[in-house]
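Reviewing the structure listed below.
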Amino acid sequence: MHRLQNLGRNPRKTNGISNPHTPLYIGRFAPSPTGPLHLGSLFTALASYLDARANRGQWLLRIDDLDTPRNRKGAADSILSTLENFGLHWDGAVDFQNRHLEFYQHELEKLRQKDALYACTCSRKTLSDYPQTGIYPGLCRTTPPSEQIPSALRVKTGHTLIAFDDRLQGKLTRNLATQDGDFIVKRKDGIFAYPFSVVVDDYRQGVTAIVRGFDLFYETPKQIFLQHQLNYPQPSYLHIPVIVDTHGQKLSKQTFAKPVTAENKRMVIFELLHLLGQKPPEALKTLPVSQQLEWACTNWTPSALTGQQQLSQYHHQELPITT
């Protein structure tokens, strides 16, 4: 008898995404190579992986390496090694953003041809004079894009409401013009900005479902706006809570979150499943990671996290899971 048969297996669920009449589920995990994976990033990777596998979908791995000044040598290899050590095996070849610069430029030209872009030469000092709202005041809105003057490129937003239904957080409606303002799609240093690159990447890879942290929840309407502008299909979104430390700060490299290691990896997966609200049975704790993941894929219930925006890494921690 299979060892998992006594651990409460349920029939495989599709969680409202995959069925014979909808496109194949294609998910992705897209870390930046700025350092090794910490607990928060592994938490997101695991949720993304489980959602893809529970929906019988593909799970792609993309290294978001466009922001070259922040990249660290060896970080990409470290990320791949960590995912493999924890049994999170991706489909196909690893994708690297820096190999697609021509395509980003091609898609940017579509916005330029629609007269949707303008050059912005504002410095941080200039913008510091408008601190009241944090919204770009449109100082350069009448400036046409120019290759001669170093400038960022902003996309023109309108007063059309952008709304989407997140699978966990519910509906969000946002007026970009009054709540965000015109945002940057290409930085002054020539690097394509995240809101633009992530939209192009997900389209390029055919991604149909995005699972990521709640810290990006309010950025999503900007990305949906760009999808509309570029005539891209809109994927589904599931924003999971972010893990915070004892000071309430999101675990990140900026807050010196410790990297996860393969040591005691069974306990790490077990505790992450608890943080994900999956209530793994105690018997799962001693099984190999491959069997833990098999149980988790079969029993994946993301609705256990509905409405939650952050979690403490010590919420259900029995053993130290970082070193």
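The values are calculated or read from the model by the stated rules, or taken from the named source; none is laboratory data. Since we're looking at a predicted model, the values are computed, not measured. Reconstructed Cβ throughout: ideal geometry from the backbone, glycine too, with neighbour counts over all protein chains shown.
Quick one: residue 84 ticks every box in (1) touching a residue at least 60 places away in the same chain (Cβ under 8 Å); (2) within 30 Å of residue 264 (Cα to Cα) bar one, so which box is it?
Going through (1) touching a residue at least 60 places away in the same chain (Cβ under 8 Å); (2) within 30 Å of residue 264 (Cα to Cα) one by one, residue 84 breaks only (1).
Can you tell me which residues in segment 40-53 are among the hydrophobic types (A, V, I, L, M, F, W, C) and out of contact with any strand residue (DSSP E or B) (no Cβ under 6 Å at 6 or more places or on another chain)? Even if it seems obvious, please write down each step before you answer.
In the first step, residues of segment 40-53 are kept if they are among the hydrophobic types (A, V, I, L, M, F, W, C); the result is 42-43, 45-47, 50, 52.
Scanning segment 40-53 gives 42, 46, 50.
I need the full set of residues from segment 259-291 which are modelled with pLDDT of 90 or more, outside any helix (DSSP H, G or I) and not polar (S, T, N, Q), in order please.
276, 277, 279, 280, 281, 287, 288
Can you name the residue in segment 292-312 that is of a type in the set (Val, Ile, Thr) and in a loop (DSSP other than H, G, I, E, B) and, of all such residues, is modelled with the lowest pLDDT? Even if it seems obvious, please write down each step before you answer.
From segment 292-312, those of a type in the set (Val, Ile, Thr) are 298, 301, 306; that's our starting set.
Subsequent filtering for residues that are in a loop (DSSP other than H, G, I, E, B) retains 301, 306.
Details: 301: 96, 306: 88.
Top of the filtered list is 306.
Any residue at all in segment 239-258 that is modelled with pLDDT of 90 or more and assigned to a helix (DSSP H, G or I)?
No, there is no match, as no residue in segment 239-258 is modelled with pLDDT of 90 or more and assigned to a helix (DSSP H, G or I).
Just one of the numbered conditions (1) within 15 Å of the chain's Cα centre (by Cα); (2) β-branched (Val, Ile, Thr); (3) closer than 19 Å to residue 97 by Cβ is not true of residue 208; which one?
(3)
Residue under question is residue 77, and the condition is that it be out of contact with any strand residue (DSSP E or B) (no Cβ under 7 Å at 6 or more places or on another chain) and of a type outside the set (A, V, I, L, M); does it hold? Please lay out each step first, then the result.
Details: out of contact with any strand residue (DSSP E or B) (no Cβ under 7 Å at 6 or more places or on another chain): yes; of a type outside the set (A, V, I, L, M): yes.
Yes; evaluated as a whole, the condition is true for this residue.
Give the residue, chosen from 211, 155, 198, that is among the β-branched types (Val, Ile, Thr), more than 21 Å from residue 114 (Cβ to Cβ) and buried (at least 16 other Cβ atoms within 10 Å of the Cβ).
Working: 155 fails: more than 21 Å from residue 114 (Cβ to Cβ); 198 fails: more than 21 Å from residue 114 (Cβ to Cβ).
The unique qualifying residue is 211.
Looking at (1) modelled with pLDDT under 95; (2) in contact with a strand residue (DSSP E or B) (Cβ under 7 Å, 6 or more places away or on another chain); (3) over 20 Å from residue 302 (Cα atoms), which one does residue 177 not meet, given that it meets all the others?
Among (1) modelled with pLDDT under 95; (2) in contact with a strand residue (DSSP E or B) (Cβ under 7 Å, 6 or more places away or on another chain); (3) over 20 Å from residue 302 (Cα atoms), residue 177 violates only (2).
Quick one: is residue 141 surrounded by 15 or more Cβ atoms within 10 Å (Cβ to Cβ), among the basic types (Lys, Arg) and outside any helix (DSSP H, G or I)?
Values: surrounded by 15 or more Cβ atoms within 10 Å (Cβ to Cβ): no; among the basic types (Lys, Arg): yes; outside any helix (DSSP H, G or I): yes.
No; evaluated as a whole, the condition is false for this residue.
In segment 54-67, is there at least one residue being in a loop (DSSP other than H, G, I, E, B), surrounded by 21 or more Cβ atoms within 10 Å (Cβ to Cβ), of a type in the set (A, V, I, L, M) and in contact with a strand residue (DSSP E or B) (Cβ under 7 Å, 6 or more places away or on another chain)?
yes
When you go through 21, 100, 89 one by one, which is the residue that is over 15 Å from the mean Cα position of the chain (by Cα), farther than 27 Å from residue 311 by Cβ and at pLDDT 95 or above? Break it down stepwise before answering.
Working: 21 fails: at pLDDT 95 or above; 89 fails: farther than 27 Å from residue 311 by Cβ.
Only one candidate qualifies: 100.
Which residue pairs have Cβ atoms closer than 7 Å, lie 6 or more positions apart in sequence or on different chains, and pair a first residue in segment 212-237 that is farther than 20 Å from residue 48 by Cα with a second residue that is of a type in the set (Lys, Arg) and surrounded by 18 or more Cβ atoms within 10 Å (Cβ to Cβ)?
Going by the 7 Å Cβ cut-off, the qualifying pairs are 221/174.
For segment 211-223, which residues satisfy the criterion of being under 9 Å from the mean Cα position of the chain (by Cα) and of a type in the set (Lys, Arg)?
The answer is 212, and nothing else.
Residues of segment 151-182 being in a strand (DSSP E or B) and either among the small types (Gly, Ala, Ser) or within 19 Å of the chain's Cα centre (by Cα) (or both), which ones? Can you show your working first?
So the first thing to find is which residues in segment 151-182 are in a strand (DSSP E or B), and the list is 152-155, 161-166, 170-175.
Passing the criteria: 152, 163, 164, 165, 166, 170, 171, 172.
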